[in-house]
Amino acid sequence: MVRKLKYHEQKLLRKVDFLSWQVDNNLHEVKILKRYCIQRRSDYTIYNKLSRDIRELGRKIKEVEPDHSFRIEQSAVLLEKLYLMGLISTKWDLSQTQKVTASCFCRRRLPVIMVRNKMSQTIPMATKLIEQGHVRVGVEVVKDPAFLVTRNLEDFVTWVDTSAIKKHVLEYNNERDDFDIVLAANTAKESEGVTKKAFLPKICKFTDLTI
């Protein structure tokens, strides 16, 4: 039988609830991390905090009188921003802010967008392709699976020109152009050469000093 707590122990543990466990919340978190292949738990923590802040901000704006100019202006700014980020489906209803959750941020991650655009069959596969440097958003090569794709950038998610995946896709669709591939490879080599030349004088100066 468990002994009775002493006075100082009761004082220290007075706010601790031994009956209500947060297992359900942890299970939900594990499911989300697994579903969206989130490697860093800190990312999910950030999504949770941001979604809470958005819901709280939406509630505070809603408390202002409907006809007040401040509410009209700030509602438009907030809804426009959330819509462009892809977190809400429409920008005309302030109640949409209360539907923003951590999962909304997870659905904007680059691997999820790749699966949606049919560039990959699964999220784990898309994550590996991103880490290997096969994917670019616009002109920028992205190697971080946690990259959040806005609504405007969805159509600019594509393969890197020198990627072997792109070659296979073009061959499958009978659209491969060897000239474009060679040109892209030469451009990549030239950019590498420029980078090396930029660092060469610094290396020479360092070696002169050491000698």
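Laboratory data are not the source of any read-out in this text; all were calculated from the coordinates shown. All values reported here derive from a predicted model rather than from experimental measurement. In this analysis, Cβ positions are derived from the backbone assuming ideal geometry, glycine residues included, and neighbour counts consider all displayed protein chains.
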Subject >> Residues Val64, Val139, sorted so that the one with the fewest Cβ neighbours within 10 Å comes first >> reply: Val139, Val64
**OP:** Measure off 7 Å from each Cα along the Cα-to-Cβ vector at Ile46 and Leu84, then give the distance between these two points in nanometres to one decimal.
**Re:** 2.0 nm
Original post:
How much length, in nm to one decimal, is gained on full extension between Val30 and Asp93, taken as 0.36 nm per residue of separation minus their Cα-Cα distance?
Top reply: 19.5 nm
Subject >> Residue-span extension gain [Asp53 to Val141] - 0.36 nm each, minus C-alpha spacing >> reply: 28.6 nm
**OP:** Determine the sum of side-chain charges near Val100: Lys and Arg each +1, Asp and Glu each -1, restricted to other residues whose C-beta is under 10 angstrom from that of Val100.
**Re:** +2
**OP:** Return the FRET efficiency for the residue pair Lys62, Arg116: r is the Cβ-Cβ distance, R0 is 22 Å, and the value is rounded to the nearest 0.05.
**Re:** 0.10
